[in-house]
1. Can you find, among Leu182, Ser120, Thr96, the residue sitting farthest towards the positive end of the charge dipole of the chain, where Lys and Arg contribute +1 and Asp and Glu -1 at Cβ?
2. What are the ³J(HN,Hα) couplings of segment 40-45, residue after residue, when phi is run through the Karplus curve with 6.51, -1.76, 1.60 and θ = phi - 60°? Round to Hz, x for glycine and proline.
3. Of the listed peptides 110-117, 200-207, 130-137, what is their order by residue-averaged count of other C-beta atoms within 10 Å, with the highest listed first?
4. Structure shown: which of Lys61/Lys123; Lys77/Lys205; Lys61/Lys181; Lys39/Lys205 lie over 23 Å apart, alpha-carbon to alpha-carbon?
5. What is the log10 of I(q)/I(0) for segment 108-207, computed with the Debye formula using one identical point scatterer on each Cα and no solvent, at q = 0.13, 0.24 Å⁻¹?
6. Let's see if you can work this out: charge +1 on each Lys and Arg Cβ, -1 on each Asp and Glu Cβ, no other charges. What is the dipole magnitude of segment 13-191 about its Cα centre, in debye to the nearest 20?
7. Given the -39500 (n - 2.57) contribution per DSSP H run of 4+ residues, what per-residue ellipticity at 222 nm results for the chain, rounded to the nearest 500 deg cm²/dmol?
8. Which order do the peptides 120-126, 183-189 take when ranked by the mean count of other beta-carbon atoms within 10 Å per residue, highest first?
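The values are calculated or read from the model by the stated rules, or taken from the named source; none is laboratory data. Note that the structure is a prediction, hence the values are computed from the model and not measured. Don't worry about glycine lacking a Cβ; one is built from the backbone with ideal geometry, like all the others, and counts go over all protein chains shown. All accessible areas refer to the heavy atoms of the entire protein, side chains included, with ligands and DNA or RNA removed. Shrake-Rupley method; radii C 1.70, N 1.55, O 1.52, S 1.80 Å.
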Amino acid sequence: MLGFNLSATLNVSRLLYNPSLCLPHLTVKSFDQLSIPFKIPNHPQAQIKGVVLDKDNCFAKDHDDKVWPAYEETWKKLRETYPKEHLLIVSNSAGTDDDVNHAQAETLEGNTGVTVLRHSIKKPGCLSEIQNYFQQFNINPNEILVIGDRLFTDMLMANMMGSWGCWISEGVELSGKTFPKLERDLYERLVASRANDPYVPPVPKQP
């Protein structure tokens with residue numbers, strides 16, 4: 001079925017046993033609020049060498065294949081700070097089997113100057129493909145930051161990989177769809193409303 005994400009459906013069950021797996025290490029409202037080079041609060045030992053970027057409602061508007069105009073300066077700084085090979089766009093649209101002949105991925109690469117991962121399994125299940133990509137450049141999972149707007153795909157994948165996660169909590173526009181609203185509500189219950197005893201995401205370990 002076009003657009004169906006079996007990987008997310010299967011992996012989200014992990015949250016029943018460990019809800020912390022969907023939590024980010026860093027949260028900003030929108031892409032232009034990112035502080036580059038990346039630092040992880042309370043984890044000065046973290047060294048970010050590789051960056052995974054979600055597309056829709058992260059650095060681009062939904063169903064668009066270029067950087068949102070308001071984020072151009074942040075995108076430019078990202079490209080100047082990290083080598084091209086150390087940046088990887090991982091989308092659940094562009095580069096997947098839904099993307100016929102990977103035409104969307106090619107358009108996105110042309111517009112952004114960043115490699116788009118080709119993958120048959122959608123997030124969060126494509127972590128091995130991401131790890132294999134970064135291994136070419138001797139980048140370990142604990143040196144990777146995943147940036148995305150979805151807790152059940154992007155942040156869950158980051159924690160399953162043993163990487164760091166940055167949640168874009170609002171994005172280009174605050175989504176009114178069912179699952180994003182559910183994720184925001186869950187975040188509120190796990191973290192924001194538990195000021196004295198919040199859930200925390202796992203800390204990536206040295207390989």
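1. Ranked along the dipole, the leading option is Leu182.
2. In residue order, the calculated couplings are 9, x, 6, 9, x, 6 Hz.
3. Ranked from most to least packed, the peptides come out as 110-117, 130-137, 200-207.
4. Lys77/Lys205
5. Relative scattering, expressed as log10 I(q)/I(0), comes to -0.55, -1.36.
6. Result for segment 13-191 is approximately 480 debye, rounded to the nearest 20.
7. Helices in the chain give a 222 nm mean residue ellipticity of -7000 deg cm²/dmol.
8. 120-126, 183-189
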